[in-house]
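Below is one structure, written out as C-alpha cells, with a few remarks after it.
The values are calculated or read from the model by the stated rules, or taken from the named source; none is laboratory data. Fair warning: this is a prediction, and the values are worked out from it, not measured in the lab. Cβ coordinates were reconstructed from backbone atoms using ideal geometry, including for glycine residues, and neighbour counts include every protein chain displayed. SASA here: full protein model, heavy atoms, side chains in, ligands and nucleic acids out. Shrake-Rupley method; radii C 1.70, N 1.55, O 1.52, S 1.80 Å.
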Amino acid sequence: MVQALNQLRESPSQTAGPYVHIGCTPNFCDIHGVYPTDLGVTMVSPGVKGEPIIVTGRVIDGGGFPLRDALVEIWQADAAGLYNSPMERRGNADPAFAGFGRQPTDGATGEYRFDTIKPGRVPFVDGRMMAPHVTFWIVARGINIGLHTRMYFGDEATANAQCPVLARVEHRERVPTLIAQRADVDGRTGYRFDIRLQGEGETVFFDI
Amino acid sequence: MADNGSFYQRVGGWHPPPLTPDYKTSVLRSPQRAKLSLENTISEMTGPVFGHSMIGELDDDLIRNYATTGDPIGPRMIVHGRVMDENGRGVPGALVEVWQANAGGRYRHKKEGYIAALDPNFGGCGRTIAGDDGSYVFRTIKPGPYPWPNGVNDWRPAHIHFSVFGTAFAQRLITQMYFEGDPMIWQCPIVRAIPDKAAIEQLVALLDRNNSIHMDTLAYKFDIILRGRRSTMFENRKEGN
C-alpha cells in the first residue's frame with residue numbers, strides 16, 4: 001500500500017435556489033425580527049475615504065431577460081488599495097469601509113445596486129499593479145456554482161491598458177464585458193455594469 | 001501572505017458543471033465560454049471576516065428565532081459539524097448561514113407555490129460563526145420534501161441550504177445538506193447535476209445518535225469542506241502578496 005495524501009475534497013456546490021433571500025437577505029423577503037439588518041447592505045460608514053459611487057446593473061440570462069431572483073456579492077479594496085481583511089498584510093484598511101457588499105436583484109426590475117466607493121489599485125502576484133476593480137460573485141436559481149467576475153472602470157483607460165488580468169483576455173472583443181461605464185444614477189456618480197450569463201456579449205467569468 | 005500559497009484549484013468532474021439540462025433553469029443561466037483561468041491575486045485571497053459580535057443570541061436556533069406562540073411543528077434536531085479546509089484544518093471564524101423549508105416542505109417566501117401550510121412559528125433562517133476548531137452547531141426542525149416546477153412531477157429531497165465564508169473570497173461556497181437514507185436524493189435533478197457519487201455523498205449528513213438528546217432533539221453531523229491552500233515551501237516572489 002502506498003502512502004495517502006490525506007487531503008479532503010471541497011464540498012461540492014449546489015445552486016442557491018429561488019429562496020436564497022430567506023438565508024442571505026431575510027429582511028428583503030419580509031422575514032423580520034430575526035436579524036436587525038441584512039448582511040452586506042451597508043458598505044460605507046461616516047468618514048469613509050474615497051469617492052462615493054453607486055454600482056448598479058442587471059444579471060441577464062441567455063434569453064435576454066434580467067434575473068429577478070439573483071444574489072450579487074461584491075468584494076473590493078478601499079480607496080488606498082487595501083482590503084479590510086485579516087489576510088491583508090500590507091497595511092490597515094480604512095475602518096469606515098467594509099469592502100464587502102451583498103444585494104439581491106430587484107424582484108420587479110432585476111436591478112442590483114451598491115452604495116460604495118471607488119477602490120484603489122492593488123498588485124498582481126508579480127507586483128505589477130492591476131487596474132481598480134470590484135470582484136463579483138453571482139448566485140441564483142439555475143446557477144450550479146457561484147460565478148466569479150470583475151468590474152473595471154471605464155474612466156480608467158490608462159490603468160486598464162496596463163492591467164495584467166485584463167491583458168489575459170485572449171479574445172479582445174470580450175474585454176468590454178468587464179468594464180463598467182460611468183453614468184449618472186439618481187443624480188449621483190455611478191457605474192452601470194450588466195452581467196450577461198450566456199450568448200452574445202457573454203461576460204468573462206474567472207476560474208480562480 | 002508570505003507564509004501561504006494559492007488555493008488548490010477546483011477540478012472538473014467534482015462540482016456540477018454550469019449546464020445540466022435536467023435542471024431546466026440552468027439552460028439559459030449557464031455560461032458557454034470557457035472561464036478565464038486566473039492565479040489567485042490578493043483580490044481573491046482576502047475576504048470579509050465577520051465577528052462573533054454580529055451574531056444574535058438566537059441566530060443559531062431556528063426553533064426559537066422566529067417563534068411567537070410556541071415552538072414550530074416538526075422533528076427537532078441539532079445539526080453540527082466542522083468547517084474545515086482541504087488540509088483538514090478547522091476554519092475558525094467561518095460564517096455559516098442556513099435556510100430551509102418548514103416541516104411540511106413550505107418556504108416562507110412570496111415566490112413559493114406549494115400548498116403546504118406555513119408554520120407561524122418558523123422563519124427558516126439561521127447563522128453562526130465557527131469556533132476555534134471550526135466547529136458549528138444549529139438547532140432546528142427537520143425540513144420536509146417539496147414539489148418544484150421542473151419536471152411535471154419533480155420533488156426535492158429534504159435539505160438545508162448552507163452559505164459559507166472562509167478567510168478568502170476564493171473559498172466562497174453555497175451548497176445543500178441532505179439526510180442519510182432519503183431515496184429522493186438520487187432522483188433529484190439538482191443533486192444529479194453533481195457528476196461524482198462520492199461528491200454527492202459528501203453532502204449527505206449522518207444521523208448522529210451519540211449527540212442526540214433523549215426526549216428532546218435528534219442530531220445530524222455535517223462537515224463542510226472549503227478549498228485548502230498550498231504551503232509555501234519555497235518563497236520566490238519578489239512581492240509580499
Could you list all residues from the stretch A:1-38 that are within 25 Å of the chain's Cα centre (by Cα), more than 7 Å from chain B (Cβ to nearest Cβ) and open to solvent by 20 Å² or more (accessible area, probe 1.4 Å)?
A:N27, A:F28, A:D30, A:P36, A:T37
Which of the residues that make up the stretch A:99-147 are over 21 Å from A:D61 (Cα atoms), among the charged types (D, E, K, R) and more than 12 Å from chain B (Cβ to nearest Cβ)?
A:D115, A:K118
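Considering only the stretch B:41-146, give the strands (runs of 3 or more DSSP E) lying wholly within it that have at least 2 residues that are without any contact (Cβ under 8 Å) to a residue 24 or more places away in the chain and either surrounded by 16 or more Cβ atoms within 10 Å (Cβ to Cβ) or charged (D, E, K, R) (or both). Outline the logic, then answer.
On the way: elements: B:76-85, B:95-99, B:125-129, B:135-141.
Strands (runs of 3 or more DSSP E) meeting the threshold: none at all.
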Can you name every residue in the stretch A:65-88 that is in a loop (DSSP other than H, G, I, E, B), touching a residue at least 24 places away in the same chain (Cβ under 8 Å), within 9 Å of another protein chain (Cβ to nearest Cβ) and not hydrophobic (A, V, I, L, M, F, W, C)?
A:D69, A:Y83
Residue under evaluation A:G57, criteria (1) part of a loop (DSSP other than H, G, I, E, B); (2) surrounded by 19 or more Cβ atoms within 10 Å (Cβ to Cβ); (3) out of contact with any His (no Cβ under 6 Å at 6 or more places or on another chain), criterion not met:
(1)
With the structure loaded, tell me whether A:T109 is outside any strand (DSSP E or B) and hydroxyl-bearing (S, T, Y) or whether it fails that test.
yes
Return the pair list, or none, for Cβ contacts closer than 9 Å from residues in the stretch B:174-197 that are on the phi > 0 side of the Ramachandran plot to residues that are open to solvent by 40 Å² or more (accessible area, probe 1.4 Å) and modelled with pLDDT of 95 or more, at least 6 apart or on different chains.
B:G181/B:L207
Of (1) of a type in the set (V, I, T); (2) open to solvent by less than 40 Å² (accessible area, probe 1.4 Å); (3) touching a residue at least 60 places away in the same chain (Cβ under 8 Å), A:V41 fails just (2)
Filter the stretch A:192-208 for residues that are within 16 Å of the chain's Cα centre (by Cα) and open to solvent by 30 Å² or more (accessible area, probe 1.4 Å) and give the result.
A:R192, A:D194, A:R196, A:D207
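Residues being farther than 30 Å from B:C188 by Cα and open to solvent by less than 50 Å² (accessible area, probe 1.4 Å): count how many of those fall in the stretch A:141-155. Walk me through how you get there before you give the answer.
As a first pass, look at the stretch A:141-155 and keep what is farther than 30 Å from B:C188 by Cα: A:150-155.
Retained after the next criterion (residues that are open to solvent by less than 50 Å² (accessible area, probe 1.4 Å)): A:150-154.
Counting residues in the stretch A:141-155 that are farther than 30 Å from B:C188 by Cα and open to solvent by less than 50 Å² (accessible area, probe 1.4 Å) gives 5.
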Just checking, does the stretch A:135-157 include any residue being part of a loop (DSSP other than H, G, I, E, B) and without any contact (Cβ under 8 Å) to a residue 24 or more places away in the chain?
no
With (1) modelled with pLDDT of 95 or more; (2) farther than 21 Å from B:P18 by Cβ as the list, and A:L5 as the residue in question, which single condition is left unmet?
(1)
Which ones in the stretch B:16-40 are assigned to a loop (DSSP other than H, G, I, E, B), of a type in the set (A, V, I, L, M) and more than 7 Å from every other protein chain (Cβ to nearest Cβ)?
B:L19, B:A34
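Which members of the stretch B:201-222 meet the condition of being within 25 Å of B:D133 (Cα to Cα) and either within 8 Å of chain A (Cβ to nearest Cβ) or over 20 Å from the mean Cα position of the chain (by Cα) (or both)? Walk me through it before giving the result.
Step one: list which residues in the stretch B:201-222 are within 25 Å of B:D133 (Cα to Cα), which gives B:201-213, B:217-222.
Matches in the stretch B:201-222: B:Q202, B:L203, B:R209, B:N210, B:N211, B:S212, B:I213, B:T217.
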Subset of the stretch A:89-130 (residues that are surrounded by 24 or more Cβ atoms within 10 Å (Cβ to Cβ), more than 15 Å from B:T46 (Cβ to Cβ) and hydrophobic (A, V, I, L, M, F, W, C))
A:F114
Unmet requirement for A:R58, which otherwise passes all of (1) facing chain B (nearest Cβ under 9 Å); (2) touching a Phe, Trp or Tyr at 6+ places or on another chain (Cβ under 8 Å):
(1)
Within the stretch A:158-191, restricting to residues that are part of a strand (DSSP E or B) and open to solvent by less than 90 Å² (accessible area, probe 1.4 Å), the one that is nearest to A:E51 (Cα to Cα) is A:T189
